[in-house]
Number of protein chains: 4
Amino acid sequence: MIDSKLFYHQAVALAAAGEDLYQRGWVPATSGNFSCRLDADSAIVTASGKHKGRLSPTDFIAVDLNAQPISSGKPSAETALHTQLYARFPEIGAVLHCHSPAATVLSMAMAGKSLLKLSDYELLKAFTGIDTHATSVTIPIFANTQEIDSLAAKADSYLAEHPNCPGYLIRGHGVYCWGSDLDTCLRKLEALDFLLQCELEQLRLSR
Amino acid sequence: MIDSKLFYHQAVALAAAGEDLYQRGWVPATSGNFSCRLDADSAIVTASGKHKGRLSPTDFIAVDLNAQPISSGKPSAETALHTQLYARFPEIGAVLHCHSPAATVLSMAMAGKSLLKLSDYELLKAFTGIDTHATSVTIPIFANTQEIDSLAAKADSYLAEHPNCPGYLIRGHGVYCWGSDLDTCLRKLEALDFLLQCELEQLRLSR
Amino acid sequence: MIDSKLFYHQAVALAAAGEDLYQRGWVPATSGNFSCRLDADSAIVTASGKHKGRLSPTDFIAVDLNAQPISSGKPSAETALHTQLYARFPEIGAVLHCHSPAATVLSMAMAGKSLLKLSDYELLKAFTGIDTHATSVTIPIFANTQEIDSLAAKADSYLAEHPNCPGYLIRGHGVYCWGSDLDTCLRKLEALDFLLQCELEQLRLSR
Amino acid sequence: MIDSKLFYHQAVALAAAGEDLYQRGWVPATSGNFSCRLDADSAIVTASGKHKGRLSPTDFIAVDLNAQPISSGKPSAETALHTQLYARFPEIGAVLHCHSPAATVLSMAMAGKSLLKLSDYELLKAFTGIDTHATSVTIPIFANTQEIDSLAAKADSYLAEHPNCPGYLIRGHGVYCWGSDLDTCLRKLEALDFLLQCELEQLRLSR
């Protein structure tokens, strides 16, 4: 039984987030997808192929944690990457996937590397459990694939080993980020993309 | 016979697109020009020399597919590049030409090269017929010239051979992009310029 | 006799331009200054030290073409650079001076060079008398100095020899640009700064 | 006795500044903190962990100049860096701390250097006591630490020797800037971050 009031409330909040993320240039040309948890066993996720800066409540689909739709419409092709996160982490309430320029270019410029280490930034403290800059946070970079289930399995196996990981990159594609609720997720995404921009700038300076 | 209601409707939609594209910095200083198809044999196109962020319906001229005006006013000097596309591709409904920084600089930085190959980007899926990142899309770079008819002929002969090409660059000048309707065209342009920015960034990192 | 209606009209138009230029980041921290011609012998210019994104009509001073105030208040310290232009070119109606990042950095990065040559850009056609990209436009770079009269004399002697010059740079300081009226001046400034950004990007790629 | 009307007035002004600074991308993900002096012995400072683009008057805490709260709530963990400045400089009325990309990256790229020298920029005149570009202004770069009292002591001892210093950097963290009132502080911060961006760009060009 879908809680339609909660569905609507989450959809409106995700649409507002989408408008903001679109203005930043992080979800160009219908790219990206967003979700919020409904309950222990379901979430809402953006429908396939929508403009992420102009979402309305009808642009969301309820899905179970096997990525199967439980309301009408066609959910994003990457739904399984969202539901993997909700299934793996009962405490999270929102997942955002963006294609920012920094995420796209940095992941491609680091060809052949599967881990990005972020060190010594004060802003690392935006991530759960980090209370000093004098540390490193590792962001995995997965190879891109159109086989979403296989990518979800890879992410799941990495995150089983590294439960504190704050997000991951898909090469030439973008970033996935999650949080206990949408505001927290937005804050972490903002921190992560800022750090990706800093790393890209440092890479520029080093070459 | 011009459908004046359709003319007005298209002009208003193009003016709104122009405001957005101007805010992005893609049509500085009256540069760029825009069009929408009216019917099988005609289109409306921006008048010559207008500020592209403040267009009104009177800033558009109806033209036939030989680039000849069929309403009063002076159409853009590059009208023939628009009508070439409408004549070549009966299925397209809109053409946008912008001068973004990325299109301008990348086409000049690739001096001596006539093709830009975009590979391995998830965002390639924004283009018609592409359903995987594991592919390449080729964007031709034509030399700039003030002989618009000759440029239109070159574009036409390239596109006859490569009907799936999503857009082209003119060196030191800008980008041409088209789509089945204005929203589709805007989406493709957004994807293409994003990819041009990524390529420019990668070029920076490689030098 | 100052035409107070014209004064007010010009002040309001310059304030609107200032808001736009401030949003672009071209007049940070009270930098920059703006003017419009009143008649053959006078102009209004921004008062010294004002925030250029929040100008009101009382933030302008009328000056004669010797840079002497003819209304109350203290005009910009760089007034003589504006009045030199009005005296030299009877046909111009507006002068804008900005400190954009591109103008600042490019003029410093070209240490030891006194001329910037802009070639092969379609956008060169935004400048008076240019109808092809296949040309070069030369922008002089003057050394910065706090001796404004001496700088005005240098600019005047350069412009006497090069009346078609569309603007000039002051090293580590910014750009001066002028036009027949404020809209024309804004259009030229926009084209010039776009080209400075392109040149800076090309310099980056070349190093 | 706290002047509650002044508290409210300062809080509203700082919230407006915060909205602007957030839009610029200088205080991502709840980073940064802001303060205004109340009187000779106290100031208001942002509460810990707030979104800096959506502050309300309840998001501020009054503190004495030993960084101890004198109203309810938990002040920013970096409060002692603010109160050090109010104690050291009786004439200042506002302090802004931001994490701009330029401040973060430049301070890290200058690893091993503890001073940034800004020279020959016209915009140096935005700083108190500077009336020519033909000078240098030195910005110290302190190592980052979570020991705020020790950092405050380091800043205090540097500023005792260099009372005209307009701001300082903390490596990988951000910038501190102050002024006689909030508008002055914003103007100086804007000038300083502009100059950091210029220096970063020059560093890019030099590598």
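Yes or no: D:LEU159 of a type in the set (A, V, I, L, M) and at the interface with another protein chain (Cβ under 7 Å from one of its Cβ atoms)?
Taking the combined requirement at face value, the residue does not satisfy it.
Per the listing C:ASP131, C:ASP120, the residue uniquely without any contact (Cβ under 8 Å) to a residue 12 or more places away in the chain, of a type in the set (D, E, K, R) and more than 26 Å from C:ALA87 (Cα to Cα) is C:ASP131. Consider D:ALA94 carefully, then state whether it is within 12 Å of the chain's Cα centre (by Cα), touching a residue at least 60 places away in the same chain (Cβ under 8 Å), farther than 20 Å from D:PRO28 by Cα and buried (at least 24 other Cβ atoms within 10 Å of the Cβ). So D:ALA94 fits the description; yes. In the set (1) within 14 Å of chain D (Cβ to nearest Cβ); (2) in contact with a Pro (Cβ under 8 Å, 6 or more places away or on another chain); (3) open to solvent by less than 10 Å² (accessible area, probe 1.4 Å), the condition left unmet by C:CYS177 is number (1). Of the residues making up segment C:1-10, those that are surrounded by fewer than 22 Cβ atoms within 10 Å (Cβ to Cβ) and either part of a helix (DSSP H, G or I) or within 14 Å of another protein chain (Cβ to nearest Cβ) (or both) are C:SER4, C:LYS5, C:LEU6, C:PHE7, C:TYR8, C:HIS9.
Given the criterion within 28 Å of B:ILE148 (Cβ to Cβ) and either within 14 Å of chain D (Cβ to nearest Cβ) or surrounded by 13 or more Cβ atoms within 10 Å (Cβ to Cβ) (or both), identify the matching residue among C:LEU116, C:LEU195, C:LEU182, C:LEU169. Break it down stepwise before answering.
Values: C:LEU116 fails: within 28 Å of B:ILE148 (Cβ to Cβ); C:LEU182 fails: within 28 Å of B:ILE148 (Cβ to Cβ); C:LEU169 fails: within 28 Å of B:ILE148 (Cβ to Cβ).
Answer to the selection: C:LEU195.
Yes/no per residue for (1) surrounded by fewer than 15 Cβ atoms within 10 Å (Cβ to Cβ); (2) not β-branched (Val, Ile, Thr):
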position: D:VAL27; (1), (2): no, no
position: D:PHE34; (1), (2): no, yes
position: D:ASP41; (1), (2): yes, yes
position: D:ARG54; (1), (2): yes, yes
position: D:ASP64; (1), (2): no, yes
position: D:LYS74; (1), (2): yes, yes
position: D:ARG88; (1), (2): no, yes
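Selection of segment D:198-207 for residues being facing chain C (nearest Cβ under 8 Å) and either touching a Gly at 6+ places or on another chain (Cβ under 8 Å) or under 14 Å from A:GLU201 (Cβ atoms) (or both) yields D:GLU201, D:GLN202, D:ARG204, D:LEU205, D:ARG207. Contact map, segment B:54-73: residues that are assigned to a strand (DSSP E or B) and at pLDDT 95 or above paired with residues that are of a type in the set (Gly, Ala, Ser) and open to solvent by 40 Å² or more (accessible area, probe 1.4 Å), Cβ distance under 7 Å, separation 6+ or inter-chain. Pairs shown: B:ILE61/B:GLY73. Restricting attention to segment C:134-151, the residues being within 15 Å of C:GLU78 (Cβ to Cβ), in contact (Cβ under 8 Å) with a residue 40 or more places away in the chain and buried (at least 19 other Cβ atoms within 10 Å of the Cβ) number 1. Of the residues examined, A:SER76 is one that is in contact (Cβ under 8 Å) with a residue 24 or more places away in the chain, within 14 Å of chain B (Cβ to nearest Cβ) and under 17 Å from A:THR46 (Cβ atoms).
The values are calculated or read from the model by the stated rules, or taken from the named source; none is laboratory data. The structure displayed is predicted, hence computed values, not measured ones. A quick note on method: Cβ atoms are made from the backbone with ideal geometry, for glycine too, and the neighbour counts reach across all protein chains shown. Please note that ligands, DNA and RNA were not included when accessible areas were found on the heavy atoms of the full protein model with its side chains. Shrake-Rupley method; radii C 1.70, N 1.55, O 1.52, S 1.80 Å.
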